[in-house]
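Working notes, beginning with the structure itself.
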Amino acid sequence: MIVLAACAAALVIAWHIWAVPYTDPVYGLFHNGIDTRVYRGGAVAVWDHMPLYDKPVYRVWQFTYPPFAALLMFPLAGFSVHTAMTLWNIGNVVCLFLLVLVCMRGLAFRIDLRLVVFTVLVTIASTVLEPIHTTLWNGQINIVLALIVVADLVRRNSTLRGIGVGLAAGVKLTPIFYVAHLITTRRFRAAAVAVITFAATIVLGIALLGGEGRRFWTEQLTQTGRIGRLDAPANQTFRGYFARLATFDVAHPPSWLWLPIGLIVGILGLWAAHAAYRTGAGLLAVSITGMTSCAVGPFSWGHHWVWVLPLLLISVVHAVDTTRRREPLTWLWWLAPRGDHRADVHLLAVGGAADHRIRGQDDRRPRLRRVPRVLRIRDRRLAPAAAVDRRRRLSAASTRNHRGDARLGAPSRPSRCGSRHVDRGGVMSS
């Protein structure tokens, strides 16, 4: 996996140097920053007690986020435009690194030097993905929100689960769709925590911004035209698709058609996420829910679809796990999954399987019948934490058996694992 990530990162670096130079004043990776400028403009409006929603905060661009987002952006008012953009770009890169790291941790990989190297390489390689690239180019906040949601839903502590979803929804409304996912997966406590947190962001915004906060929720919320044109090619939703059909005179569907279509797709997406969650693939469920929320919303720019990154990581782990070096036929499994559907379920649920063993607290997901190969420690590959914990438990059990035999004066007997032992490479042998 590290070699694969290194090759991808090298190609991406070459792309940023020769194809679309990162130093280009217009199309360079960090050289636009229009959304960061809008964020700072909103912060300045709050600082100067100016209208936040009645007029543009930066040239012709308006502030379209909830009042709570303006409060979070408030520190940007103390910096110049150039400094604010620099700090925001650094924060975005750090959050992208952490997002990959949290996803890999959700797939049961232990945090060590090899995982850190792999994460750095994937961070570089992912900058050519359209949602990631445009988020960095525009200085958007999507990577930060994805990190908050993923970390909230895959962490071990279930007591506070839902707070991240509520906070993310308070900044940008789309993540509130995760409440439906929490309800369908019967995590009612987390859904309630998310709703309460989201309500707290509304109250806080109104309390600190007064009339501007109330105006957003009573007047500005339904005015999607403030975000952009519905028929814009970057609006990757069903509503945008139907609007473009009329613009290009391909068809003239009714303006309400996106509502029933979105409802059907939303139900199917929640069903798919529920099925993934039931098999133990928690990270896959998060990714499916995020992409569904983008498709069924009234307006979603291309950079909102950052949820493809966790899906890509799951796919890479699945492909690497099913590929055997000595069997060239398995190299084709990178292009299509193999025919054994039961094995595919186990391999796609690799993250959730280890997640259940590591945590094993409130999640009601069933245990899988066999351990996927990616959970077994190999020579120099990324080794999941679950396999390390299993090796330690086996070693501790063997030590207790030998000590008990010594106290009773009985001859030494092998542990429950027979004569197997763990060598220095962490591989069970006999």
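Relative contact order, percent, of the range 2-315 when contacts are C-alpha pairs under 8 Å separated by at least 6 residues? Please report the intermediate quantities before stating the final value.
Details: 449 pairs, mean separation 59.7, N = 314.
After rounding, I find 19 percent.
Calculate the length of the line joining the C-alpha centroid of the range 151-216 to that of the range 101-148, in whole Å. Computed from Cα coordinates, the inter-centre distance equals 23 Å. Count Lys and Arg as plus one, Asp and Glu as minus one, and take only other residues whose Cβ is under 10 Å from that of residue 247; the net charge is then 0.
Here the peptides 230-242, 53-65 are ranked by packing, the mean other Cβ count within 10 Å, and the order with the highest first is 230-242, 53-65.
Indicate the gyration tensor shape class of the range 2-315 (rounded, prolate or oblate), computed on the Cα atoms with a ≥ b ≥ c the square roots of the eigenvalues: a/c under 1.5 is rounded; otherwise a/b larger than b/c is prolate and the rest oblate.
Values: a/c = 1.27, a/b = 1.10, b/c = 1.15.
Since a/c stays below 1.5, the shape of the range 2-315 is classed as rounded.
Fully extending the segment from residue 199 to residue 221, taken as 0.36 nm per residue of separation minus the present Cα-Cα distance, adds 6.4 nm.
The order of the peptides 118-131, 33-46 by mean Cβ neighbours within 10 Å, most packed first, is 33-46, 118-131.
Computed from label points 7 Å out along Cα-Cβ, the spacing between residue 246 and residue 22 is 4.4 nm. Extension gain for the segment residue 129 to residue 13, taken as residue separation times 0.36 nm less the Cα-Cα distance, is 40.4 nm to one decimal.
Stretching residue 315 away from residue 183 to a fully extended chain increases their span by 44.9 nm, per 0.36 nm per residue minus the current alpha-carbon distance.
All of the numbers you see were taken from the coordinates with simple rules; none came from a lab. Just so it is clear, the structure is predicted and the values come from calculations on it, not from any experiment. Note that we place each Cβ from the backbone using ideal geometry, even for glycine, and neighbour counts take in every protein chain shown.
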